[in-house]
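A short worksheet on the structure shown next.
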Amino acid sequence: MSQGVEVKVEFPQMEQIQKAFAALRGNIAAKYMAAALGKTVDPALKALRSNTPKGPTGNLRRAIRKKTKRYVKDGAGIAMAGYTAAPKKRGDGLKGSEKGHHQGWLEFGTKQRFTKGPIASRYKALGGSIKKLGKRKLRTQPKPPKGFVKRVPDDERVDLGKFPIGGKKGKPPIRTAYKQTLGTMKGLMPREMTKSLTNALEEMARPFPVKK
């Protein structure tokens, strides 16, 4: 998952359940704890999808994922909801779900941005093209604002402005989803953990299958 906002919530009423999990075998505890937490974060996952703008490509929404992980040695499990981290190597061969590298812009915004040179353009990434209209005029396909070309004198840089936190809506997706669903998750966690604990105890009570 991508790095960025990390949320930890304390549940005092969970102490007894956590102690019960600690008494289980590591593999069993990790398995059922991860399953319970995976169900607990489902409301946040749904809220994150609704709070993430589709954008011109839809890649950021496709990068949304839920992930559970087991720590057998510690007898623990975790669950996360967020965006898939973009690979270090970027190129045309990436899947849509691997092109969510701009999620940090929405969550934290950016400083004032400038190009390295006198030209800024956006049309190739959308499969578009550019046409010359006379000596100084250019037109992109798709047309602005999806596609554009900006030109300044050779000794200047194009001012791209700041990207605001949360984009046009002003709502950072991860933090907004967390605030919207915190109460729901607090109610879900004890129930899901109790169910998982019951299932874990039942599995441990089963006799080992007789090898034939």
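We did not get these values from a lab; they are worked out from the coordinates using the rules stated. Computed from a prediction, not measured in an experiment: that's the story for all the values here. For neighbour counting, all protein chains shown are included, and Cβ atoms are generated from backbone atoms with ideal geometry for every residue, glycine included.
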Are any of the pairs LYS31/LYS186; LYS54/LYS146; LYS111/LYS171; LYS54/LYS99 more than 19 Å apart by Cα-Cα distance, and if so, which?
-> LYS31/LYS186
Going by how many other beta carbons lie within 10 Å of each one, how would you line up GLU98, GLU192, GLU203, GLU15, fewest first?
-> GLU15, GLU203, GLU98, GLU192
Ranked from fewest to most other Cβ atoms within 10 Å of their own Cβ, THR198, THR40 fall in the order THR198, THR40
Over the alpha-carbon set of the range 154-212, work out the extent along each principal axis and list the three values in angstrom, largest first.
-> 81, 35, 11
Rank by packing, highest mean first: peptides 42-53, 18-29, with packing defined as the count of other Cβ atoms within 10 Å averaged across residues.
-> 42-53, 18-29
Sorted from fewest to most neighbouring beta carbons within 10 Å, what does the list VAL152, VAL158, VAL41 look like?
-> VAL152, VAL158, VAL41
